[in-house]
Amino acid sequence: MDKIFQPQMIDEAAKKHWDETRAFETKENTTKPKFYCLSMLPYPSGQIHMGHARNYTIGDVIARYQRMLGKNVMQPLGWDAFGLPAENAALKNKLAPSEWTYKNIEQMRVTIKQLGFAIDWSREVTTCRPEYYRFEQQLFLKMYAKGLAYKKKSVVNWDPVDQTVLANEQVVDGCGWRSGALVERKEISQWFLKITAYADELLACLDKLTGWPEQVRTMQRNWIGRSEGLNLNFSVIGRDEKVTIFTTRPDTVFGVTFLAIAPEHPLALEASKSNESIFKFLQKCHNVKVAEAEVATVATEGYYTGFDAINPLSGEKVSIWVANFVLMEYGTGAVMSVPAHDTRDYEFAKQYNLRIKQVIKPIDNDLWDINKIAFTDKGVLINSGEFSNLNFDQAFNAIAEHVIRAKQGERKVHYRLRDWGVSRQRYWGAPIPIINCEKCGVVPVPERDLPVVLPEGIKLTDPHSPLHTLKSFFETTCPKCGGFATRETDTFDTFVESSWYYIMYCFHDQKYWMPVDQYIGGIEHAVMHLLYARFIYKVLRDEGLVKGDEPFTRLLTQGMVLKDGSKMSKSKGNTVSPEELVAKYGADTVRLFTIFASPPEQSLEWSDSGVEGAYRFLKKLFAFAAAHEEVITSHNKLSKKPEIFTKEQQQWRRNIHIILQQANADMERLQLNTVVSAAMKLLNELHDIPSATNEAIIYEGFSILLCLLNPITPHVVHYLWHELQFFGDALDAKWPQVDLSALKQDFFELIVQVNGKVRGKITVQADADEKAIREASIANDSVARAIGSAVIKKIILVPKKLVNIVV
RNA sequence: GCCCGGGUGGCGAAAUUGGUAGACGCAAGGGACUUAAAAUCCCUCGGAAGUUAAAUUCCAUGCCGGUUCGAUUCCGGCCCCGGGCACCA
């Protein structure tokens, strides 16, 4: 073998070998268990950044490890090719979005290939191709037929100058990013998918997703936000009208001192007709962008509408206020306000001098100064007529029954989750397969006419979608009446494409490959993408198209790549390009550093000197192999006989297998950074073993080392595996098993503590009994000194670990 | 504002179920080799007290408190940083 480590040559040779043997092309295989390893598909922005590199490296380590465990592993990749950035780039560079997108894909594929991932490229998917999105259109039609896709009015950010809808990202400080115009909220008719129909199942199945991080499950649970409560009607005084509110705290209903309604609520609009300040307030609310985070940070403000209502239980008169913290899209667009028992209502009441009426007292403490702070816990009812003295559960049920009997409301399960708006008023997206006919109304495109193809190669000259003016697309005939009709010009949200792409990778053999065994991607997708994908999978299941209830068995959410403490991004100018690093150090160094620098789920702090360190390790590994080539290859040729080891050799083997045991456990729990630590320790250990008399141990240790590194630095391992004449292709080397007999030892070292502080160490025989251990502990010099003349109260023994003497 | 994470040496981190805090690596300092540099190899490396050197002792896992023989780990409260909040993907 070479004496000098030349990563570029090693990389090239390994890749050539994998290409020639079609090593990563996958088929059904009945003799091996399957393993579908999936990384989130990239948006083709033009450049592979370190976040991508990290994502696919983690995925690749898992894929290659699973292969070594004997699995039939499939790892695909594709392109999430529709989306806003292509339109922006196209406008800026006077290109067609399609042109920009395809060019980027070509560039990015080259870089990804340089990193040597075990990807089956024959399965590559590009979501902007008609042969991809035709199935999406088909699915939409099925959902439409079932009532799972429907149209309704909903609010968007409207740029009054450019006359376009803006994404939240395009609204900067309340103004359109191009025009600078003050953004308005505008209601337009849009397509929705009824994810709420699956809310209960999406929630229930989270309990079964034990291969997912608990934090992601919690986030999804909270996002769905199931709550049980009451819809309650308050009659508006002097009008034949009711305001319906939803509450999870019917026990506090006697404490309602006002109602708050959303600025878009019909009653608020009514009030604005005769009240100038309300009119102005509604105008002001009209200029807040639709993002919830934005709405929530606006200072609380409200106005009395001049209307009052009757509390259906207490009969008290309550004023109706319009307030900017109530959202029309949540529940009924109106809430009952109980200042005594809700923090936000309390602050609002203080701000506008509204009545605060206590109706709940603490269970264990009768004294609560409601003038100082709201009491928001559950407790016992007071000042609540016939319901006084009941606790929360009793009051909930009694009030619910009362309300139902009096026809003033009903029990209601409410979800925070809202239906998924999939309409985008954009060009660069998959067309929604609908035709609008003046006579027949909304008509779905017949399946035989799919796909509805988006015209490509269109240059954008202004921010409007060209689909309206493109006669060849826009104008059509009605499938029902044959008359003139026009096509829907809204396109799908790109999250629709990413909700099912993992099936397209295995379109013909999905019954074999699905579900995905391991999914890897950024934590930023913890809720939306992962919830939409789960939803669509369940819809497909109900159509009989896929098996199982959940698409992703195990999930790993990787952390971000940071430099100097902040996210690597072009705008910050702190990016590091994977191409340059690969050119300088080779793929394995980049992979090794990425895996070693931090555990996959945590953010990774980029460090140039850390990369140098990774490179240095590979050089040492290579140098060790070169220096021991003869020892290892000659041992390789010998027929293996059971070895008789000296005490010293037993100790070395023990050290090697302890390291392996650690690495195996870490590999299983995907704590990949410490697998690299283990490999480094192992190399350090092998350095200390004189090779002349220990060929068998060097051989064993080094083969274990190569196996540990194989998933992480496959190129250099491929080279060394071959040069040192180990058996077969390194890709299919068997993952090493711990030799339990090597771990046995005659003596144990125990820590001796006095009152929890370490005071000494003792060595005892493996079979030492409790009495012997106690005696040995006390006999230890520094332990004895620490005890001094104190009286021993008790001794705690933790087997094989420690002794704690309590004095 | 709401939901979810994170905070350990100069730095990235480790400590698998409550049991030796800092493995492994980076940086730094010292030394060897070299005409020199790079590369490589060896040694030291949380802080403070102590000493010629050591032994040894104390402090230390964001802050405050609690549970425990024992807390980076569990509980309560707070501070700071990050992710998400439905049209960035």
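Step through the table entries A:K151/A:K194; A:K361/A:K412; A:K289/A:K572; A:K284/A:K372; A:K151/A:K186, compare each Cα-Cα distance with 21 Å, and write down the pairs that go over it.
Values: A:K151/A:K194 10 Å; A:K361/A:K412 26 Å; A:K289/A:K572 26 Å; A:K284/A:K372 32 Å; A:K151/A:K186 16 Å.
Flagged as over cut-off: A:K361/A:K412; A:K289/A:K572; A:K284/A:K372.
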Inset, instruction - Kindly write out, for the stretch A:87-101 in residue order, the coupling ³J(HN,Hα) from the Karplus curve 6.51 cos²θ - 1.76 cosθ + 1.60 (θ = phi - 60°), rounded to whole Hz, with x marking Gly and Pro. - result: 5, 5, 5, 5, 4, 5, 9, 6, 10, 8, x, 5, 4, 4, 5
Legend entry - Debye equation applied to the C-alpha atoms of the stretch A:172-230, log10 I(q)/I(0) at 0.16, 0.17, 0.25, 0.27 Å⁻¹: -0.74, -0.76, -1.00, -1.10
Legend entry - Distance histogram for the stretch A:482-547 (every C-alpha pair counted, 10 angstrom bins, percent rounded to whole numbers): 17, 44, 24, 12, 4, 0
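Ignoring ligands, DNA and RNA, what percent of the accessible area of the stretch A:54-186 is carbon or sulfur (1.4 Å)? Mind showing how you got there, number by number?
Values: 2470 of 4900 Å².
Of the solvent-accessible surface of the stretch A:54-186, carbon and sulfur hold 51 percent.
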Inset, instruction - Report, in deg cm²/dmol and to the nearest 500, the calculated mean residue ellipticity at 222 nm for chain A, where each DSSP H run with n ≥ 4 adds -39500 (n - 2.57) and the sum is divided by the residue count. - result: -11500 deg cm²/dmol
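Mind checking the alpha-carbon convex hull of the stretch A:465-591 and giving the volume per residue in Å³? Write down the numbers at each step before the final one.
On the way: hull volume 28.3 nm³, N = 127.
Output value, Cα hull per residue: 223 Å³.
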Inset, instruction - Provide the FRET efficiency to the nearest 0.05 for the A:K3-A:A766 pair, computing r from the beta carbons and using R0 = 56 Å. - result: 0.80
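Calculate, for chain A, the solvent-accessible area per residue in square angstrom, rolling a 1.4 angstrom probe over the heavy atoms of the protein chains. Write down the numbers at each step before the final one.
Working: 37000 Å² over 807 residues.
Per residue, chain A has an accessible area of 46 Å².
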Inset, instruction - May I ask which of A:K3/A:K567; A:K113/A:K619; A:K567/A:K619; A:K647/A:K734; A:K563/A:K681; A:K647/A:K801 have a Cα-Cα span longer than 32 Å here? - result: A:K3/A:K567
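Using the reciprocal of the averaged 1/r over all distinct C-alpha pairs, how large is the Kirkwood radius of chain A in Å?
For chain A, inverting the mean 1/r across all distinct Cα pairs yields 31.8 Å.
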Legend entry - Qualifying trypsin sites (Lys or Arg not before Pro) in the stretch A:337-409, DSSP loop, other Cβ atoms within 10 Å at most 12: A:K372, A:K407
Inset, instruction - Any chance you could list P(r) for the stretch A:4-104, counting all Cα-Cα pairs in 5 angstrom bins from zero, rounded to whole %? - result: 2, 11, 14, 15, 17, 15, 10, 9, 4, 2, 0
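Taking only the Cα atoms of the stretch A:562-686, how large is their convex hull per residue, in Å³? The partial results should precede the final answer.
Numbers: hull volume 17.3 nm³, N = 125.
Residue-normalised Cα hull volume stands at 138 Å³.
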Legend entry - Two-decimal log10 I(q)/I(0) for the stretch A:272-363, as the Debye equation yields it once each C-alpha is a single scatterer, q = 0.12, 0.17, 0.26 Å⁻¹: -0.43, -0.86, -1.56
Inset, instruction - Give the long-range amide H neighbours of A:S569: residues separated by 5 or more places, or on another chain, with amide H under 5 Å away, using H modelled in the peptide plane at 1.01 Å from N. - result: A:N574, A:T575
Inset, instruction - Largest first and to the nearest Å, give the Cα extent of the stretch A:679-807 along each principal axis. - result: 66, 30, 22
Inset, instruction - At a temperature of 25 °C and a viscosity of 0.890 mPa s, determine how fast the stretch A:314-437 diffuses translationally according to Stokes-Einstein, using the Kirkwood radius over alpha-carbon pairs as Rh; express D in µm²/s, rounded to the nearest whole number. - result: 135
Legend entry - In order through the stretch A:194-203: 3J(HN,Hα) via Karplus (6.51 cos²θ - 1.76 cosθ + 1.60), integer Hz, x for Gly, Pro: 7, 5, 5, 5, 10, 3, 4, 6, 4, 6
Inset, instruction - At 1.4 Å probe size, with no ligands or nucleic acids counted, give the accessible surface of A:V582 in Å², nearest ten. - result: 20
Inset, instruction - Could you please tell me the mean projected area of the C-alpha convex hull for the stretch A:233-392, averaged over all directions and given in square nanometres to one decimal? - result: 9.5
Inset, instruction - Report, to two decimal places, the Cα Rg of the stretch A:60-107 normalised by 2.2 N^0.38 Å (N = number of residues). - result: 1.81
Inset, instruction - Please give every one of the lysines within straight-line cross-link reach of A:K570, meaning a C-alpha to C-alpha distance under 21 Å, and leave out same-chain neighbours fewer than 8 residues apart. - result: A:K92, A:K103
Inset, instruction - Can you tell me the 0 to 90 degree angle between the C-alpha axis of helix A:7-20 and the longest principal axis of chain A, rounded to 10? - result: 70
Inset, instruction - May I ask for the angle, rounded to the nearest 10°, between helix A:50-68 and the longest principal axis of chain A, with both axes built from Cα atoms and the value confined to 0 to 90°? - result: 60
Legend entry - Amide H within-cut-off set for A:G306, under 5 Å, with H built and near neighbours excluded: A:I320
Legend entry - Inter-label distance, nm, simple model (7 Å from Cα along the C-beta direction), A:A779/A:D608: 5.9
Inset, instruction - Jot down the per residue volume, in cubic angstrom and as a whole number, of the convex hull over the alpha-carbon atoms of the stretch A:530-619. - result: 153
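Where does the stretch A:197-246 land on Rg/Rh, using Cα atoms and the Kirkwood Rh? Kindly include the intermediate steps, with their values, before the conclusion.
On the way: Rg = 17.8 Å, Rh = 13.6 Å.
Using only Cα positions, Rg/Rh for the stretch A:197-246 is 1.31.
Just the Kirkwood number for the stretch A:425-473, please: inverse of mean 1/r across all distinct Cα pairs, in Å, one decimal. Before the final figure, lay out the partial values.
Values: mean 1/r = 0.0813 Å⁻¹.
Computed over the stretch A:425-473, the radius equals 12.3 Å.
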Inset, instruction - Rounded to whole Hz and in sequence order, give me ³J(HN,Hα) for the stretch A:516-533 from the Karplus expression 6.51 cos²θ - 1.76 cosθ + 1.60, θ = phi - 60°, writing x for Gly and Pro. - result: 5, 7, 9, 10, 10, x, x, 5, 5, 9, 3, 9, 4, 4, 5, 7, 4, 5
Inset, instruction - Measure off, as a whole percent, the carbon and sulfur share of the 1.4 Å-probe accessible area of the stretch A:711-807, all protein chains present. - result: 53
Legend entry - Translational diffusion of the stretch A:436-538, µm² s⁻¹ [Kirkwood Rh, Cα pairs; Stokes-Einstein; 25 °C; 0.890 mPa s]: 144
Legend entry - the stretch A:132-199: trypsin sites (Lys or Arg not before Pro) in DSSP loop, at most 14 other beta carbons within 10 Å: A:K146
Inset, instruction - Collect residues whose amide H, placed 1.01 Å from N in the peptide plane, falls under 5 Å from the amide H of A:S603; neighbours closer than 5 in sequence don't count. - result: A:M560
Inset, instruction - May I ask for the angle, rounded to the nearest 10°, between helix A:672-687 and the longest principal axis of chain A, with both axes built from Cα atoms and the value confined to 0 to 90°? - result: 10
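Out of all Cα-Cα pairs in the stretch A:754-795, roughly what percent, to the nearest whole number, are more than 17 Å apart?
Here the tail beyond 17 Å accounts for 29 percent of pairs.
Quick check on the stretch A:31-184: what does the Kirkwood estimate of hydrodynamic radius come out to from the alpha carbon pairs, in Å?
Details: mean 1/r = 0.0534 Å⁻¹.
Evaluated over the stretch A:31-184, this radius sits at 18.7 Å.
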Legend entry - Residues A:K584 and A:A626, FRET efficiency given R0 of 25 Å [Cβ-Cβ distance, rounded to 0.05]: 0.70
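The values are calculated or read from the model by the stated rules, or taken from the named source; none is laboratory data. Note that the coordinates shown come from a computational prediction; the quantities given were computed from them, not determined experimentally. Glycine also receives a Cβ, built like all others from the backbone with ideal geometry; neighbour counts cover every protein chain displayed. Surface accessibility is based on the protein's heavy atoms, side chains included, excluding ligands, DNA and RNA. Shrake-Rupley method; radii C 1.70, N 1.55, O 1.52, S 1.80 Å.
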